[in-house]
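Read the structure below first, then the notes.
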Protein chains: 2
Amino acid sequence: MNPTLEIFSQGAEIVTGQTVDTNAAWLSEHAVNMGLTVTRHTAVGDKLDDLIALLREISIRADCCICTGGLGPTSDDLTAEAVAKAFDLPLEYDAVAFEQIKRFFTLRNREMPDSNRKQAMFPKGAERIDNAWGTAPGFSLQAGRCWFAFVPGVPTEMRHLFLESIQPALASRFLLHPDKLVTIRTLGIGESDIQQRIGAIEIPDHVQLGFRASPDDVQTKLLFPQNYPEAAMTALVDKVAAALGAHVFAIDGLGWASGDLVFTVGQLMAAGKHTLAVVETASQGLLAAKCLGAQWLLESRYQQSLEKLGQSLAIALNADDLPSSAQAIASEIYQTGSAEFVLVQLYSGDDKTFHDKDQAIILYNMLLTGDGSHQTTHSVAGPIERKQNQATLLALDLLRRYLQHKEF
Amino acid sequence: MNPTLEIFSQGAEIVTGQTVDTNAAWLSEHAVNMGLTVTRHTAVGDKLDDLIALLREISIRADCCICTGGLGPTSDDLTAEAVAKAFDLPLEYDAVAFEQIKRFFTLRNREMPDSNRKQAMFPKGAERIDNAWGTAPGFSLQAGRCWFAFVPGVPTEMRHLFLESIQPALASRFLLHPDKLVTIRTLGIGESDIQQRIGAIEIPDHVQLGFRASPDDVQTKLLFPQNYPEAAMTALVDKVAAALGAHVFAIDGLGWASGDLVFTVGQLMAAGKHTLAVVETASQGLLAAKCLGAQWLLESRYQQSLEKLGQSLAIALNADDLPSSAQAIASEIYQTGSAEFVLVQLYSGDDKTFHDKDQAIILYNMLLTGDGSHQTTHSVAGPIERKQNQATLLALDLLRRYLQHKEF
């Protein structure tokens, strides 16, 4: 069993929803990679009784806990006081911490307000966590079953203190056996289809299989225990990936850099020194925008009406025959532009269908390259946001399939 | 005392830090605006015992709770089972839910896998929350002190179900006394500038003033107690808005529909039955993509190189003279296209400057309309994501200023 870790975030701004708690995710990801099992995130506001109750709960429940926030100089920064009350410890003045706080202000040519003195008060027995990145030092202490580390909620300070102080402390306190997570990322196939395709593959008991559907992909996750043999791991991943075929666009966790579909396409385009021109309809600029700063994307155009698109290119298009229209558009852009590939993304379905979440549009993608044209067709329903996002991804995926497999 | 609400997020992807829990913040903000006091956020993974323990805790501690996630078809979706176990209720088959799930697949021309059947099983006594936005219906039930609502974790689905079902249910179950929050949304002006501009305005003691900077705007927030006189409230808001001048693009909370900059522009364009063509450079398709499904956006084009843009339009452009280049591009598109307005967004700064977060690019926007051309210039630094987002917003803001004030 891995040691368990909880994340505890303090602050009215989090509990009232004014700030999204990105600290919890960042800390969890790092903790999981070290071999800790993160069991809970909890956020509470700046209420002393809530803080005390939560600290006591966690001290019984978890092996360790990282707490962010509540270390500032103002009256709603209550962490040290709450810890003192929760575990019946007096607050003691730390002269070194006080000098650090004073120095922070001196370096910035500012006078230290009196209120900052309270940041040098720690519960008896706490170890100071020096903070070169802000005014508030953190501290750690053991209470009941749990080793607690308290750090400021400012993300930059928190990250530095975690990497420099907390991570080494955790590594020396606990015997950690990090698991190995492999994530197989797919597009154009649903969670239940994936389960059916891989149903016949035997997954050993101590390997955890999981799924995750996001707007941008569906992920099949295999979590291997630390000492799982490398060859067996690779063999199992290969088997699962093979069952999912060309839907797989990336595999994370096998040692090489990987990322989302745009990242994969970007790698492939850059590796082959390819260039691209895009014509977007349903995706309405989203495709170009997703390829943020991509050198290989030379141009893109969006036109609401196929008729107007034809006029602006001075070619005749037929809305009832998307393949021949796409071919005509692609040829025109190919001849007049300078890009090596032309990707044309059309759809059928009137405006009402496009906006109606209960109706599906048919997406027609064509990729024109030096060795001919390649196409895919998909039916996509859902809210317009989903249709536009899928239009973007499925068009890019046609390009990815061409570059990766020449398979469609 | 306001009723207390807790947010409970289920999912390994949250607890392990792979997903930042944006649902909790969104729900909290909406709940606080309704007059609820949010006391805790908790996230746990897909472990049945953890879920059961947490549900029982909350059922004693809070007046209501919104739970996201764990309603999917796979084996790690455990919410209904956990609720049943926590409160000793049998799971019952809901024929209506089953029909809805089947219909979702039928509409998409897909066969429903057997595994989806479990999404139609609810704990006895639960009320179904219909979900027209995805496969999984939600449900609500009273357990102990707490009224629970369970919805999928997919943000679009969660938001729809909250607004359409949960919000009205909360409003009818609890006697709520919401404070009144007015938010003045601005673009092109920083937090400290705002503070200086409104520094001389007297804010009554029981009105809370706050600020919030996001990538898309800077918000000045005025929180009025429930019984604050309407006329005094309007007078104060007017005074603050007047001090911020044409930077104000929307005011939320005064009873009329308002939203972000894109929403404001959309309203203005639709009201005047205007149409627009866009040429993007720095924003790279992001402008078109932000105007999701806008009927008034007829076309947009992105070209990486100004030279190529000139070639494709068959006009000569001078990279050292953005105003005359913008004028030439706008005139050409105005003459050959059918849009009433043409918005051209150019920038100066080489590729290195564009990608370097420590260097600024100069954004030059021109809007060509029936009554002439209007322009703005801005210097924007920061990571490329910020530059592209600001390029998008500042170009749209030129259009907004023209439509709202004819002031630039």
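The values are calculated or read from the model by the stated rules, or taken from the named source; none is laboratory data. Small disclaimer: the values here were computed from a predicted structure and weren't measured. Neighbour counts are summed over all protein chains in view; Cβ atoms, including those assigned to glycine, are modelled from backbone coordinates with ideal geometry.
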Requested in this report: Say whether the condition of being within 25 Å of A:Trp147 (Cβ to Cβ), among the acidic types (Asp, Glu) and free of Cβ contacts under 8 Å to residues at least 24 places away in the same chain is met by at least one residue in the range A:84-92.
Outcome: yes
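Counting only residues that are among the hydrophobic types (A, V, I, L, M, F, W, C), in contact (Cβ under 8 Å) with a residue 24 or more places away in the chain, part of a loop (DSSP other than H, G, I, E, B) and within 25 Å of A:Gln196 (Cα to Cα), how many does the range B:103-153 have? Working first, answer last.
Taking the range B:103-153 as the starting set, the residues that turn out to be among the hydrophobic types (A, V, I, L, M, F, W, C) are B:104-105, B:107, B:112, B:120-122, B:126, B:129, B:132-133, B:136, B:139, B:141, B:143, B:146-151.
Next cut, in contact (Cβ under 8 Å) with a residue 24 or more places away in the chain only: B:104-105, B:120-122, B:126, B:129, B:132-133, B:136, B:139, B:141, B:143, B:146-151.
Within this subset, residues satisfying the condition of being part of a loop (DSSP other than H, G, I, E, B) are B:126, B:132-133, B:136.
Still in the running and within 25 Å of A:Gln196 (Cα to Cα): B:133, B:136.
Result for the range B:103-153: 2.
Being among the aliphatic types (A, V, I, L, M), more than 7 Å from every other protein chain (Cβ to nearest Cβ) and farther than 27 Å from A:Ala97 by Cβ is the filter here, so list the residues in the range A:35-52 that pass it. It would help to see each step written out before you state the result.
Initially, the range A:35-52 is screened for residues among the aliphatic types (A, V, I, L, M), giving A:36, A:38, A:43-44, A:48, A:51-52.
Those still in the list that are more than 7 Å from every other protein chain (Cβ to nearest Cβ) too: A:36, A:48, A:51-52.
Result: A:Leu36, single match.
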Report task. Given the conditions (1) crowded, with 24+ Cβ neighbours inside 10 Å; (2) more than 9 Å from every other protein chain (Cβ to nearest Cβ); (3) among the aliphatic types (A, V, I, L, M), report the number of the one that B:Ile60 does not fulfil. Result -> (1)
Requested in this report: Residue by residue through the range B:1-31, note down the ones that are facing chain A (nearest Cβ under 8 Å), within 17 Å of B:Pro168 (Cα to Cα) and surrounded by fewer than 22 Cβ atoms within 10 Å (Cβ to Cβ).
Outcome: B:Trp26, B:Glu29, B:His30
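Quick one: which residue in A:Ser300, A:Ser305 is surrounded by fewer than 24 Cβ atoms within 10 Å (Cβ to Cβ) and polar (S, T, N, Q)? Steps first, answer last, please.
Working: A:Ser300 fails: surrounded by fewer than 24 Cβ atoms within 10 Å (Cβ to Cβ).
Testing whether each residue is surrounded by fewer than 24 Cβ atoms within 10 Å (Cβ to Cβ) and polar (S, T, N, Q) leaves just A:Ser305.
Here's the yes/no breakdown for (1) of a type in the set (S, T, N, Q); (2) touching a helix residue (DSSP H, G or I) at 6+ places or on another chain (Cβ under 8 Å); (3) facing chain B (nearest Cβ under 10 Å):
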| residue | (1), (2), (3) |
| --- | --- |
| A:Ser300 | yes, yes, yes |
| A:Ser312 | yes, yes, yes |
| A:Ala326 | no, no, no |
| A:Met366 | no, yes, no |
| A:Gln375 | yes, yes, no |
Report task. Mind listing whichever residues of the range B:358-399 are more than 22 Å from B:Leu306 (Cβ to Cβ) and crowded, with 22+ Cβ neighbours inside 10 Å? Result -> B:Asp397
Query - Tally of residues being within 20 Å of A:Val278 (Cα to Cα), part of a loop (DSSP other than H, G, I, E, B) and not small (Gly, Ala, Ser) across the range A:333-386 - result: 2
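Please find, within the range A:144-159, the residue that is nearest to A:Leu27 (Cα to Cα) out of those that are among the aliphatic types (A, V, I, L, M) and in contact with a helix residue (DSSP H, G or I) (Cβ under 7 Å, 6 or more places away or on another chain).
Here is the first cut: in the range A:144-159, the residues among the aliphatic types (A, V, I, L, M) are A:149, A:151, A:154, A:158.
From the residues that got through so far, the ones that are in contact with a helix residue (DSSP H, G or I) (Cβ under 7 Å, 6 or more places away or on another chain) too are A:149, A:151, A:158.
On the way: A:Ala149: 12, A:Val151: 12, A:Met158: 9 Å.
Only one residue tops the list, namely A:Met158.
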Query - Residue that is nearest to A:Val154 (Cα to Cα), among those in the range A:60-88 that are hydrophobic (A, V, I, L, M, F, W, C) and in a helix (DSSP H, G or I) - result: A:Ala80
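In the range A:25-39, which residues are in contact with a helix residue (DSSP H, G or I) (Cβ under 8 Å, 6 or more places away or on another chain) and in a helix (DSSP H, G or I)? Before the answer, list the steps.
Pass one, the range A:25-39, residues in contact with a helix residue (DSSP H, G or I) (Cβ under 8 Å, 6 or more places away or on another chain): A:25-28, A:30-31, A:34, A:36, A:38-39.
Correct list: A:Ala25, A:Trp26, A:Leu27, A:Ser28, A:His30, A:Ala31, A:Met34.
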Requested in this report: Identify the residue in the range A:252-298 that is touching an Asp or Glu at 6+ places or on another chain (Cβ under 8 Å) and of a type in the set (Ser, Thr, Tyr) and, among all such residues, is nearest to the other protein chains (Cβ to nearest Cβ).
Outcome: A:Thr275
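Could you identify the single residue in B:Ser305, B:Ser283 that is in the same structural domain as B:Gly370 (by TED's automatic domain parsing), under 33 Å from the mean Cα position of the chain (by Cα), of a type in the set (Gly, Ala, Ser) and over 23 Å from B:Ser338 (Cα atoms)? Outline the logic, then answer.
On the way: B:Ser283 fails: over 23 Å from B:Ser338 (Cα atoms).
Exactly one of B:Ser305, B:Ser283 is in the same structural domain as B:Gly370 (by TED's automatic domain parsing), under 33 Å from the mean Cα position of the chain (by Cα), of a type in the set (Gly, Ala, Ser) and over 23 Å from B:Ser338 (Cα atoms), namely B:Ser305.
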Query - Members of the range A:66-90 that are modelled with pLDDT of 95 or more and surrounded by fewer than 17 Cβ atoms within 10 Å (Cβ to Cβ) - result: A:Asp88, A:Pro90
